[in-house]
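Below is one structure, written out as structure tokens; the observations come after it.
The values are calculated or read from the model by the stated rules, or taken from the named source; none is laboratory data. The structure presented is a predicted model; accordingly, all values stated were derived computationally and were not measured. Here the Cβ positions follow ideal geometry from the backbone for every residue, glycine too, while neighbour counts run over all protein chains shown.
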Amino acid sequence: LEAFAVTAGTAETLHVLLEHNAKLSQEYRLEGSSVDAAQSELRGMRDQEIAQQRWLAGKRADLQRAEATAEAEARAAAADENAEELEGEALRIDLDELEEASNAHDEALTA
């Protein structure tokens with residue numbers, strides 16, 4: 001009879017331990033799913049950060065190209081302006097020379 005009571009107690013303890021083990025296993029699976037979800041979210045965030053960094057690098061390159069183009073256009077405009085000033089100066093010199101020649105011609109005709 002005592003052996004039966006000890007066996008019954010051991011069976012009930014075993015049953016309680018098995019239930020506890022099943023609960024722990026379920027909690028472990030749930031936590032594992034949470035960890036998997038968090039890791040997946042982290043991978044998504046990393047992918048998004050990489051995409052943003054690539055986008056930003058592209059925008060920086062666009063800005064550098066635009067600045068280089070603007071600088072080149074400014075240099076070309078300055079060169080054109082200098083050329084126009086030189087051409088204008090040459091025309092003024094030619095005009096002055098023509099006026100002097102005309103004046104000299106007029107003086108020669110009137111003399």
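Is there a residue being among the basic types (Lys, Arg), surrounded by 10 or more Cβ atoms within 10 Å (Cβ to Cβ) and over 20 Å from the mean Cα position of the chain (by Cα) anywhere in the stretch 30-52?
No: zero hits.
Would you confirm whether any residue within the stretch 88-103 is surrounded by 10 or more Cβ atoms within 10 Å (Cβ to Cβ), assigned to a helix (DSSP H, G or I) and modelled with pLDDT under 90? I'd like the intermediate steps shown before the answer.
From the stretch 88-103, those surrounded by 10 or more Cβ atoms within 10 Å (Cβ to Cβ) are 88-103; that's our starting set.
Narrowing the set further to residues that are assigned to a helix (DSSP H, G or I) leaves 88-103.
Adding the requirement that they be modelled with pLDDT under 90 leaves 103.
Within the stretch 88-103, one or more residues are surrounded by 10 or more Cβ atoms within 10 Å (Cβ to Cβ), assigned to a helix (DSSP H, G or I) and modelled with pLDDT under 90.
So for the stretch 61-74 (the condition being at pLDDT below 90 and among the charged types (D, E, K, R)), does at least one residue qualify? Break it down into steps so the answer makes sense when it comes.
Going through the stretch 61-74, the residues at pLDDT below 90 turn out to be none.
No, the stretch 61-74 has no match at all.
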